[in-house]
Amino acid sequence: MLYAFLKITFQLLFRIVFRARVIGKENLPETGAVILAANHMSNWDPPFLACFMRRHVAYMAKEELFEPPIFGPAIRACHAFPVKRGAADRAAIKTAVQVLKLGHCLGLFPEGTRSRTGKMRKAEAGVGLIAAMTGAPVVPAAIIGTDKIFANGGFLPQLTVCVGQPMHFTGDRKHKEELAAFSQSILDEIARMKQELQK
């Protein structure tokens with residue numbers, strides 16, 4: 001109920017105020033386990049990305065967000081679950097794997113945290129590991145403009161999200177180098193899509 005209400009509310013906000021463009025959302029499979037992976041520039045990214053997808057998106061979010069007495073229960077109701085930053089959080093990875101085993105859509109930001117400069121950071125290996133453990137495809141999504149909302153001289157920028165073709169891990173999940181390379185390849189594809197949109 002809350003998820004559906006917020007989805008409609010954010011859709012109206014982003015379409016009316018920020019003239020949102022959504023490209024390629026049909027590339028996200030309608031059923032089955034899938035990881036939706038995007039670049040991360042702003043706290044607006046999770047609702048902006050999720051509200052235009054046809055499926056519920058369960059996000060892994062930093063544990064500090066779950067501490068406030070009202071906001072914490074609210075984001076839990078929207079299918080988010082906590083992760084400890086700066087360390088390998090096995091409980092969070094276990095929850096992410098369970099989300100995918102149930103055939104749901106998992107939202108991840110391969111950079112691990114927001115980019116303060118707008119430039120994409122190096123990918124962390126987590127998205128590759130989770131994809132390897134579950135066999136779930138990874139759908140890359142490029143977000144443009146959220147870093148300029150009420151800031152950086154943009155105030156009311158036009159927002160864009162472009163959803164790409166699914167990517168599959170085909171290497172050996174025991175090899176850290178292959179996991180890291182796959183994670184980086186996802187970010188590289190997101191960067192390529194961003195560049196194409198900004199031409």
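The values are calculated or read from the model by the stated rules, or taken from the named source; none is laboratory data. Remember, it's a predicted structure, so these values are computed and weren't measured experimentally. Ideal geometry is used to build each Cβ from the backbone, glycine not excepted, and the neighbour counts take in all protein chains shown.
Details
- Residues that are within 18 Å of the chain's Cα centre (by Cα) and part of a helix (DSSP H, G or I) were ranked within the range 67-88; the one that is surrounded by the fewest Cβ atoms within 10 Å (Cβ to Cβ) is ALA77.
- Taken over the range 65-96, the criterion of being in contact with a helix residue (DSSP H, G or I) (Cβ under 9 Å, 6 or more places away or on another chain), within 21 Å of HIS40 (Cβ to Cβ) and among the aliphatic types (A, V, I, L, M) is satisfied by LEU65, ALA74, ILE75, ALA80, VAL83, ALA88, ALA92, ILE93, ALA96.
- Take the conditions (1) of a type in the set (Gly, Ala, Ser); (2) under 25 Å from PRO47 (Cβ atoms); (3) in contact with a helix residue (DSSP H, G or I) (Cβ under 9 Å, 6 or more places away or on another chain); ALA191 misses just one of them, which is (3).
- Restricting the range 89-118 to residues that are modelled with pLDDT of 90 or more, in a loop (DSSP other than H, G, I, E, B) and more than 16 Å from the chain's Cα centre (by Cα), the residue that is nearest to GLU189 (Cα to Cα): GLY103
- One residue stands out among those in the range 72-88 that are modelled with pLDDT of 80 or more and of a type in the set (Lys, Arg): the one that is nearest to PHE10 (Cα to Cα), which is ARG76.
- Test: residue in the range 17-32 that is loosely packed, with under 15 Cβ neighbours inside 10 Å, β-branched (Val, Ile, Thr) and within 27 Å of GLN158 (Cα to Cα): yes
- Residues in the range 141-171 that are under 22 Å from LEU106 (Cβ atoms) and free of Cβ contacts under 8 Å to residues at least 40 places away in the same chain: MET167, HIS168, THR170, GLY171.
- When the residues of the range 150-186 are filtered to those that are among the small types (Gly, Ala, Ser) and in a loop (DSSP other than H, G, I, E, B), the one that is nearest to ASN27 (Cα to Cα) is GLY164.
- Test: residue in the range 13-34 that is modelled with pLDDT of 95 or more, under 13 Å from the mean Cα position of the chain (by Cα) and closer than 16 Å to ALA136 by Cα: yes
- Any hit, the range 164-179, residues being in contact with a Gly (Cβ under 7 Å, 6 or more places away or on another chain) and among the aromatic types (Phe, Trp, Tyr): yes
- Of all residues making up the range 187-199, the number that are outside any helix (DSSP H, G or I) and either under 15 Å from PRO110 (Cα atoms) or touching a His at 6+ places or on another chain (Cβ under 8 Å) (or both): 0
- Hits in the range 100-124 - residues which are in contact with a Pro (Cβ under 8 Å, 6 or more places away or on another chain) and either hydrophobic (A, V, I, L, M, F, W, C) or surrounded by fewer than 18 Cβ atoms within 10 Å (Cβ to Cβ) (or both): ALA123
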